[in-house]
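Everything below concerns the one structure shown next.
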Ligand SMILES: O=P(O)(O)OC[C@H]1O[C@H](O)[C@H](O)[C@@H](O)[C@@H]1O
């Protein structure tokens, strides 16, 4: 159970009647959002979006619900909501490094994969609504959650989430120090799919990728990507739009990005799912990660006093 006093204070300060409320899920506090467009939930731990689903079109309307309410985001049946433990699914924030720490040599193994911000509790600093009926929430990483042994730079990190007819995320890194800071980062979105055998990723054709499953070799993508085995690739210098086509659910998810040069495509398939242990029975069949970020050669340098905003907008469209 989370701290009841903290939960009450959050609701007093930031709840929006009929739209946004803070609730307990396991050990964690979650912001539950509902508005005319969609429902969503976001854990304060990691500022991790856990769900988003569009609302059905009004009854009697000729317009078909954009996706017939299939969820956008996949969350494992075996996800746990335990303080300090990463949650399998949703949209984890990977920062200030993606994957293993870049300086693996000589460090004890206490540098968590994908950085340290996904397993700590963020503050809520602002909630609001817009005339178009969107609900916005801003999270900030508290300085007290930055382990100096892992990150000694004077930076500030915020995640702005907008829940409306689309789901939008803006990850802002501000460099308050006196030296340039270099980060790699990703919004590690797990998408729900009807069946992994029904999907294709389009828009990465022509891009170079690093194949993490083939000795980190550099290769070039030729065709849209269909998945029938484990896949773990970091596409570099990608375009600002790619899409996930799902024949089973007759929908396309457009992934529109800004200030993102890398796209990761990941599905652990059978053996790695067994190793991970929290994917759920057959979970790999119903998810695909397409992650928006800046990784490897695409990592970002932020000058003293400057800021960087990594943005993504997920939009559900008809399958064609
Ligand atoms: O198990 P995690 O630390 O959450 O990482 C899950 C996955 O994240 C990314 O997609 C990486 O490319 C994969 O190599 C990794 O297995």
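Selection over the range 270-283 of residues that are within 12 Å of the ligand (Cβ to nearest atom) and crowded, with 19+ Cβ neighbours inside 10 Å gives a count of 2. Within the range 130-142, not a single residue is within 16 Å of the ligand (Cβ to nearest atom), under 27 Å from residue 296 (Cβ atoms) and not in a helix (DSSP H, G or I). Quick one: is residue 280 on the phi > 0 side of the Ramachandran plot, in contact with a helix residue (DSSP H, G or I) (Cβ under 9 Å, 6 or more places away or on another chain) and not in a helix (DSSP H, G or I)? Answer is yes for this residue. Scanning the range 121-154 for residues being surrounded by 14 or more Cβ atoms within 10 Å (Cβ to Cβ), modelled with pLDDT of 95 or more and over 22 Å from residue 43 (Cα atoms) gives a total of 2. Flag: residue 291 does not match the condition of being under 18 Å from the mean Cα position of the chain (by Cα), closer than 25 Å to residue 165 by Cα and more than 16 Å from the ligand (Cβ to nearest atom).
Reported count of residues in the range 258-268, each being within 11 Å of the ligand (Cβ to nearest atom) and either assigned to a loop (DSSP other than H, G, I, E, B) or surrounded by fewer than 18 Cβ atoms within 10 Å (Cβ to Cβ) (or both), is 1.
Quick one: would you say residue 310 is in contact with a strand residue (DSSP E or B) (Cβ under 6 Å, 6 or more places away or on another chain), buried (at least 18 other Cβ atoms within 10 Å of the Cβ), under 27 Å from residue 69 (Cα atoms) and modelled with pLDDT of 95 or more? Spelling it out, it is not the case that residue 310 is in contact with a strand residue (DSSP E or B) (Cβ under 6 Å, 6 or more places away or on another chain), buried (at least 18 other Cβ atoms within 10 Å of the Cβ), under 27 Å from residue 69 (Cα atoms) and modelled with pLDDT of 95 or more. The single residue among 232, 246, 195 that is more than 12 Å from residue 265 (Cα to Cα), in contact (Cβ under 8 Å) with a residue 12 or more places away in the chain and buried (at least 16 other Cβ atoms within 10 Å of the Cβ) turns out to be 246.
The values are calculated or read from the model by the stated rules, or taken from the named source; none is laboratory data. Treat the numbers as computed from the prediction; the structure is a model and nothing was measured. Heads up, the Cβs are rebuilt from the backbone with ideal geometry, glycines too, and the neighbour counts pull from every protein chain shown.
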